[in-house]
1. Before rounding to the nearest 500, sum -39500 (n - 2.57) across all DSSP H runs of length at least 4 in the chain and divide by the residue total; then give [θ] at 222 nm in deg cm²/dmol.
2. Short version: ³J(HN,Hα) in whole Hz for each residue of segment 441-452, in order, from phi by Karplus 6.51 cos²θ - 1.76 cosθ + 1.60 (θ = phi - 60°), x for Gly and Pro, what are they?
3. Whose amide H sits under 5 Å from the amide H of Leu798, counting only residues 5 or more places off or on another chain, with H placed in the peptide plane?
4. How high is the relative contact order of segment 1-86, in percent, with contacts defined as C-alpha pairs under 8 Å that are six or more residues apart?
5. If I model a spin label as a point 7 Å beyond the Cα along the Cα-Cβ vector, how far apart are those points for Ser462 and Asp547 in nm?
6. So between Glu60 and Arg305, what do we pick up on full extension, going 0.36 nm a residue minus the alpha carbon distance?
7. List, in order, the whole-Hz ³J(HN,Hα) value for each residue of segment 572-580 obtained from phi through the Karplus relation with A = 6.51, B = -1.76, C = 1.60 and θ = phi - 60°; use x for Gly and Pro.
8. Given R₀ = 22 Å, what would the calculated FRET efficiency be for His291 paired with Met82, taking r from the Cβ atoms and rounding to 0.05?
Amino acid sequence: MENYILEHFDEALKNKWIEVYYQPVVRTITGAFCGAEALARWNDPEKGLLSPAEFIPVLENTGRITELDLYMLEQICQDYQMVSKRGNRVVPVSFNLSRKDLLHNDIIERIEAIMARYNVPRELVNVEITESAFVEDVERIGPVLKKLHELGYQVWMDDFGSGYSSLGILKDYSFDEIKIDMSFLSKFDKKARNIIRSVVTMAKRIGVQTLAEGVETKEQYVFLYTIGCEKIQGYYFGRPMPGDVLEQHVKDTQQTVESLALQNYYNKISAVDYQTDAPLMIIEKSKKKFHILYSNKKYTDVLRRDGIDSLQQWEAILNDPKDSMNHFHTMFVEHKLQQIGEEQVITYPRGDHYMELKGKAIASCEGHTAYQAELRYVAIHVRPSENDQLDEYLRDTYYMYSDMALLDLDKDEVVSIKSSIAEQPIGRHKVIYGIQNVMDTYRNHFVYPADQEAYDAFYQMSTMEQRLRQNKNGIISCYFRSKKNGEYQWAYNIAMALPQSDFRKVLLMVMHPGFNSEKLLDMLSRRKDWMNRGEIKTLKGKDSTADVLWANLCMNSPLMCFWKDKNRRFAGASQSFLRYYGLSSVDELVGKTDEDMHWHIANGPFHDDEVEVLTQGKSIIGARGTCIVGGKLHHILANKMPVYEDGKIVGLLGFFVDLEQQLADEKNYTKGRLEDPITGLNNLCGLAENMNHYLEEFWHHGRKFCVMGFYIKEYEPFRRTFGDTAGNAYLKAIGQVLQDVFDHRAILAYVIDGQFYVIMQYENPADMQQIQQEAIQHIESIHHVGEWRCTCTAKPTLSYVNEKNAGVFRYEQLMYQFMQELGKADGEMEPEGR
C-alpha cells in the first residue's frame, strides 16, 4: 500500500481524489455552528476510500506531507470563495501543519501566497499543530509559530495531553486554543471528568480557549457545557463531510451559524470561569429580550428558594413587561451595567427576604449585551419592631419608586439604594460624601430650570431636620420636573425621617408618575403657579402659542438673548444668557440695568445704543463691546432692536455673541468640513484644498510634489463582517501608520472605502517610491486592530507633478484623474512626467 500511495499521490492531487472533509465545531454555550476542522479523505478510484491512517504516515515519512497540507489549504480557500459568492455565512476553518511543514524555511511564504491568491482573510484560517511536533527541532519551530501569530493567524495545539510535554510546551509557546481529545480518556468516569475540569480551568486562567474533540454523547456535551469548555467537535454534532454536504446539513438541522462579528463577543463570554462556588448566571439581553446562556446549579438553587422553579420560568418573568422584575432588571442592565461598566451590586426586597444581585457587563456587540450575574438569598430573622414595620414598608414600596437613597446627616453621606439613571451621583456610586454637593450636582444636570428654585428649597440640607420635625409624620414632599430619558417629567419627591434616628437619617424616594395620575393632576390644579414659576413671560404676560415657542427657545437654545423695559431695566433673559454670566436665577437680573450689574468697563456705548433703540426705534446690529465674565474680559458683538406693542415702543430685545467663542466655533466648523471624523486625517475637501496650495507653491517657487494612493481592498469586507466599530478601528490603525511614516512632511487624507492619499513635495522621484514602499510594508504589518484579527494589503498609485505636466489646468486634471482613480487602484506606479 505504501508504494501505491507514493506512486499515485501526484495523480490524486491532480484529479482531486483527495478531498477536504469538514467536521463542524459548535459553540458550547449557544449550540451554534462556529467553525470546522478540515480533514483529508482519499477517495481512490481503484482502492476506494483510504483511511488517513494509511496515507498520512507514508507522506510524513517520505517528506511529502507538506504538499498535502498546502493542497488542503488551497482547497479550503477555493471553498471559501464559492461559499462567499453564494452569499452564505462563512466560519473559520482550521487545518493541520505537521512537524515537517514547520521545518521548511519558506512554509510561511507559501501559506501567505495561497491566502493572497484567493483573497482569504487570515482571521478565517486557523493553524493546528500537534503536540508531537515539538519532540525535536523545537528551536526551529518556535520562530515559525511566532511569525504565524504576528501575521494574524490563530495557532492551536492539537491532541493536548496525549504526549509527554503538554504543560511545558504550553508554558514556553503561545497558543490561542488547545484541543482536548476526549478519546484519550477512554473511560468517562469521575477521574476523567476531574482531569478535563482542571484543563479547562487552567486554560481560562492563562487566556487560552478550549475545544473538546471526539464528543459522542449528550452526557459528554452537558458536562463540557457545565464546566465552561468553549467549543465542541465530534460525532454528536456531525461527522466529517464534504463542504456542500456540510452546508446542507446545517440547513437541514436548522442550526444557527455564528456570525464573525459575534465571534469575539462569545469568546469574551466563554472566557468566564464557570467553575466557581458562587451562584453564577450568564444572561444575554438583545432586542429588549433576556436570554439565559448559562446557569450553574447554585444559581438555580437560589432561584428555587426565591420561589422560581425553573430557568424557563425565570426567563419568562424577566421578559414579561407587566412583571416588576422585568422593569427592575432592564433598569439594572441598561442604566448601570451597560453605562457604568464596573461591577454593580443592588439589593431588592422579595416578600419576607431580600435578594442581592451582583452584576458585571462582559461583552457587547450588534445590539447584544451579555452580563455575568451572581444572586444571593438574604434571610431576615429578627423580632417584630418599629424597624420591621419600616422594612415591610420598604419592601412594599421598593418597586413603586424609581430612585431611593439614604441620607445620614451626621456623617454627611448619601447611600444609594436604587437609581434609574446611571449618570446621576447615586447611579455611579454606592456611598457618596457631601450631601449638599450631591443635591446641587443633580440639580445642575437634571432639574428643569424653572423648577430649580423649588428643588433648592426642598433639598436645602441646613433646614431638612427642622422641616421634618415640624411635620407630625416626619415626612415632607414636593413635586418638580427632572430629566429622564431625554425629557423633563414631573417627579414626586419624598423625604422621610427614619424612626429612632432623631431626624438625622432621612430616606429619599422619587416617583415619576404619568400625567394621568389623579394625585398629580389634583396638585397641578391647586398649584398652577408651578407651571409659571420662573418661566419666561411676555412683557404683558399674555399666553399664546407663540409664547410657548418663545419660552422653549429661551430655555433650550444657545441664543444669549435678553429683553428690557422702557427704562433699560432687565425684564428677562434666556438660560444661555444666565449661564454665560454665571447667574443661577433670572431674579438676580430683573429690574436692574447694565450699570447695576457692573459687567462693562465702559457703560457709555451700551447706554447710548439702548437710548437710541428706545427713543428713535433704531436697530443696533453688530455693535462691538467688552464685558467682564468670571474675572476675564470678553469681546462681544451686541444686537438690539425695539419691541412694539400697539404701535408704541415698550422695551427692547437684544442678543449677543462672544467673539472668542464664535471664532472657536468657526474653527471647529472648518475642521469638520475638511477633516475625516474617524481617522482625523483630511477628507476629500481637505485633500482638494491642500492640493491647490501645493500647485500654487509649485507655480510660484517651482517645488515639485507627488500624489500617492493606498487602496486597502480588505477594509470594506472587514467592516461588513465585523461592523462599524471594528471598521473604524481598522481605518484608525492605517491612518496612524501613515502619520508615523510621513510624520510632518506630507498632507494625509482618507477619502472613502479604504482609500488613503498622501501629497508630498520631492526632489528625487526614487525617494518617493522608497517611502511609499516603506508605508506599504508598515500597513501590511497590521494584523490586529483592537480585539479583531485582520488582513491589510495596500495597492499603491503614484503620480508626479513637475515641469512637464503642471500647466494652468493641472488642478482640474489632477482632480479629474483623482476622481477616476477612486476605487480602481490597480497597483501601478506612475512614472515621472505623467
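1. Dividing the helical sum by the residues of the chain leaves -12000 deg cm²/dmol.
2. 5, 4, 4, 5, 9, 10, 8, 4, x, 5, 9, 5
3. Amide H neighbours of Leu798, under 5 Å, 5+ apart: Gly709, Glu830.
4. Across segment 1-86, relative contact order equals 24 percent.
5. Result: 3.5 nm between the two label points.
6. Taking Glu60 through Arg305 to full extension adds about 82.2 nm, to one decimal.
7. For segment 572-580, the Karplus-derived couplings read x, 7, 6, 5, 5, 4, 4, 5, 4 Hz, x marking Gly and Pro.
8. Taking R0 as 22 Å, the efficiency between His291 and Met82 is 0.05.
Every number here is computed from the coordinates shown, using simple stated rules; none is lab data. Computed from a predicted model, the values in this text were never measured in an experiment. We place every Cβ from the backbone using ideal geometry, glycine too, and count neighbours over all the protein chains shown.
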